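Below is one structure, written out as structure tokens; comments come after it.
The values are calculated or read from the model by the stated rules, or taken from the named source; none is laboratory data. Small disclaimer: the values here were computed from a predicted structure and weren't measured. Backbone-built Cβ (ideal geometry, glycine too); neighbour counts: all protein chains shown.
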Amino acid sequence: MIKIEHMTKFYGSFPAVIDVSMHIKKGEVVGFLGPNGAGKTTTMRVMTGYTPPSEGTVTIAGYDVITHSLEARRHIGYLPETVPLYLDMEVTDYLRFMGQMRGMNRAWINERLPAVIDVVKLGDYRNTYIQKLSKGFRQRVGIAQSILHEPDVLIMDEPTIGIDPVQVVETRALIKELGGEHTLILSSHILPEISMICRRVIVIHEGRLVADDEPGNLSERLRRTERIELAVRGAGEPGEVISMLRDLPMIVDARRDNSASAQRDAGEGIIPFLLDARPDREAPENVAKAIVEKGWGLINMHVIPMSLEEIFLELTTDESLEG
């Protein structure tokens, strides 16, 4: 559906995006992550045909965004970070205008409008002037214009930025629903947003792609230590358990878990612990064996996957990822 081959974009002599290649299949929901200035917005503007690449090729549904620009754009719905709304127009009039701009005939517009307004829950505001809408409802109008012409691909740049928490939750739910019907690229620096919606994450840093994988696979690839939660019964003093665990060769650190959730879940005589272990598939087994040999009870134990925040920080620091 989307194919980018060795795409580079210069602004003057400054390379905003450098030799980027990615393939996104039909129906995929992809999170596009990167710090401010990393090249996310530039890449999406090239995808949508708003600006040409300096080098390389970009195709949408088989159409080159430069040589077959109109055909490519018919397959794209774009929600930029700042939505280009005409504030002195009513919602319905604006959407009709946007439909005409995209080459939709009157019958198609009349058929799509009620469905789109229902999807984005703008029914009570269809005849309201856009300038009177809150930021969150203006964002819904922006989403409505992006899906009006039934595109195959949706590209959304920071769709929840600047709206209140209630609208954020509702907008995320709407985007997640749209992801089931479209190929979706979602740019955001709000990491929980990506983890809730996307099954694939592409990370760009200083104009270059530094990762492209499922969040779980990235976690395994980047993990330098494993975090292990466990609970022990019948051990007496926590210090004795901590000392024993720290003596194990694969354990980097061991400490009592004083978090509120761990303390709440611990029963009488049960002590929760947190371990940092070197990446080793046998670490949990060796820890369990050592606890049992001491005659203590192992109540539970599980490895905590790396959070998307930790993955993001690992990928966007200047330290070598190979180290």
**OP:** May I ask you to list pairs of residues, at least six apart or on different chains, whose Cβ atoms are under 7 Å apart, with the first in region 212-239 being within 25 Å of E193 (Cα to Cα) and polar (S, T, N, Q) and the second being surrounded by 15 or more Cβ atoms within 10 Å (Cβ to Cβ) and at pLDDT below 80?
**Re:** S219/P305; S219/M306; S219/I311
Original post:
Since L274 meets every condition but one in (1) modelled with pLDDT of 70 or more; (2) over 18 Å from M244 (Cβ atoms), which condition does it not meet?
Top reply: (2)
Subject >> Boolean, R227 is modelled with pLDDT under 90, surrounded by fewer than 13 Cβ atoms within 10 Å (Cβ to Cβ) and of a type outside the set (S, T, N, Q) >> reply: no
Original post:
Can you tell me which residue in region 143-178 is nearest to the chain's Cα centre (by Cα), limited to those that are surrounded by fewer than 20 Cβ atoms within 10 Å (Cβ to Cβ) and of a type in the set (G, A, S)?
Top reply: A173
**OP:** Write out, first by first residue and then by second, each pair whose Cβ atoms fall under 9 Å of each other, whose residues are 6+ apart or on separate chains, and whose first residue, in region 272-294, is not assigned by TED's automatic domain parsing to the domain that holds S259 while the second is surrounded by fewer than 21 Cβ atoms within 10 Å (Cβ to Cβ) and in a helix (DSSP H, G or I).
**Re:** none
Subject >> Total residues in region 165-211, condition of a type in the set (A, V, I, L, M) and over 20 Å from I143 (Cβ atoms) >> reply: 8
Original post:
Name the helices (runs of 4 or more DSSP H) wholly within region 148-254 that hold at least 1 residues that are on the phi > 0 side of the Ramachandran plot, in contact with a strand residue (DSSP E or B) (Cβ under 9 Å, 6 or more places away or on another chain) and assigned by TED's automatic domain parsing to the domain that holds E28?
Top reply: none
Subject >> Residues satisfying the stated conditions in region 96-142, i.e. in a loop (DSSP other than H, G, I, E, B), without any contact (Cβ under 8 Å) to a residue 40 or more places away in the chain and buried (at least 20 other Cβ atoms within 10 Å of the Cβ) >> reply: L122
